[in-house]
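Scroll down for the structure; my scribbles are underneath it.
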Amino acid sequence: MAAALRCALGSCLLLCVSGIVPKPQNARITSVNLRSILQWDAPRFHKENISYTVQSKSINLPEDAYENVSTNLRLTECDVSSLSAYGDYILQVRAESENNHSDWVTVTFKPMDDTIIGPPDVKVKSESGSLHVDFIGPFAEHQQDKWSLKQYYGSWNYRILYWKKGSNTEVTHIDTKHNSEILSQLEPWTIYCIQVQAVIPEWNKTGELSRELCEQTTHNGVTPVWIIVTVLIGSMLAVVICVPVCFFSFLYLYRLTKHVFCPSYIFPQHLKEFFSPLPEEEHLFYDKLTVISEESKNQSDETGDEASKTTEHLQDSEHEHCDSGIVTASEKD
């Protein structure tokens, strides 16, 4: 321990005397969904103002083909997401102080291989004894427009893992190329937990798992027999009751309407003509009309017959009286 400390102090003194700037330490790339950041640690034993320069080149180009990515950096990181996702690169970074600089520190970077595939967005809905799972993404984070990472890689599957809550040992998984899946043949009224991740077979990559979502299933969609029988009997009773009620209601309304608008008696035609509107000048002359029923007519006829009989009897009596008077007068003569 003491020997290592003496060695470090000796190196520090040597660097200070020679004026050489020490190299950055622990250079690395952090890349998630193609958003890539080159990071490093500041040099040790250097207290002066320090800046950094980052360069890049394709791995197949010669050494003098480096291009500046960023210069005069004060932070110990640099965003290199602007590099093409399909290329292979060598990145290098060095520390600079006034007119001095350190040696380059290099890092190899392959965006499609090195980036981490994040978790997709997942939604779960319980319906008819099944769980409907919808998922989308993840998206590339280095562009203003959201492009799904599925468009960068040739093959892309989603892997759905689900299990009963509390029994993580019995995990079932399903792979699909679509953005939704229906998990059926589940136990009714049971809570299931679900996670989804992206799987890219051609690149031998597996994405991060989504957050755990738990949802309870409902009934399995099979209607019990007693409900079917109850509905059938109720429907039959409703038909048996409603049909007669509707029929008699319709019949009653029909008769009532007919009685109001089409009465059973018929007004005589000649009386209709008599009561029809007449011109104003014909209203000055009119006759009195008396309408009697057949019973009144029969009674009138009987009264007339009795009156005629009485008249004939009186006439016969008068004739007899006249004859007796004539006889008496002749006797007196």
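The values are calculated or read from the model by the stated rules, or taken from the named source; none is laboratory data. For clarity, every value in this text was computed on a predicted model and none was experimentally measured. Please note: Cβ atoms are built from the backbone with ideal geometry, for glycine as well, and neighbour counts cover all protein chains shown.
Looking at the range 162-171, can you tell me whether even one residue there is within 28 Å of Arg35 (Cβ to Cβ) and in contact with a strand residue (DSSP E or B) (Cβ under 6 Å, 6 or more places away or on another chain)? There is no residue in the range 162-171 that is within 28 Å of Arg35 (Cβ to Cβ) and in contact with a strand residue (DSSP E or B) (Cβ under 6 Å, 6 or more places away or on another chain).
Restricting attention to the range 70-112, the residues being among the hydroxyl-bearing types (Ser, Thr, Tyr) and under 22 Å from Val21 (Cα atoms) number 6. Here Asn100 meets each of (1) touching a residue at least 60 places away in the same chain (Cβ under 8 Å); (2) of a type in the set (S, T, N, Q); (3) closer than 26 Å to Tyr152 by Cβ with one exception, condition (3). The numbered conditions (1) in contact (Cβ under 8 Å) with a residue 12 or more places away in the chain; (2) within 16 Å of Ile191 (Cβ to Cβ); (3) not polar (S, T, N, Q) are all true for Glu170 except (1). Checking every residue in the range 130-140 against the condition of being touching a Leu at 6+ places or on another chain (Cβ under 9 Å), at pLDDT 90 or above, among the polar types (S, T, N, Q) and closer than 30 Å to Cys214 by Cβ gives at least one match. The listed residues are Tyr89, Tyr52, and the only one of them that is buried (at least 18 other Cβ atoms within 10 Å of the Cβ), touching a residue at least 24 places away in the same chain (Cβ under 8 Å) and under 30 Å from Glu202 (Cβ atoms) turns out to be Tyr89. Summed over the range 120-147, the residues that are out of contact with any Gly (no Cβ under 6 Å at 6 or more places or on another chain) and either in a strand (DSSP E or B) or outside the structural domain of His173 (by TED's automatic domain parsing) (or both) give a count of 14. Would a scan of the range 138-146 turn up a residue that is more than 26 Å from Val80 (Cα to Cα) and out of contact with any Cys (no Cβ under 6 Å at 6 or more places or on another chain)? Taking every residue of the range 138-146 in turn, none turns out to be more than 26 Å from Val80 (Cα to Cα) and out of contact with any Cys (no Cβ under 6 Å at 6 or more places or on another chain). Only residues that are more than 28 Å from Glu48 (Cα to Cα), outside any strand (DSSP E or B) and more than 43 Å from the chain's Cα centre (by Cα) were counted across the range 67-109, and they come to 2.
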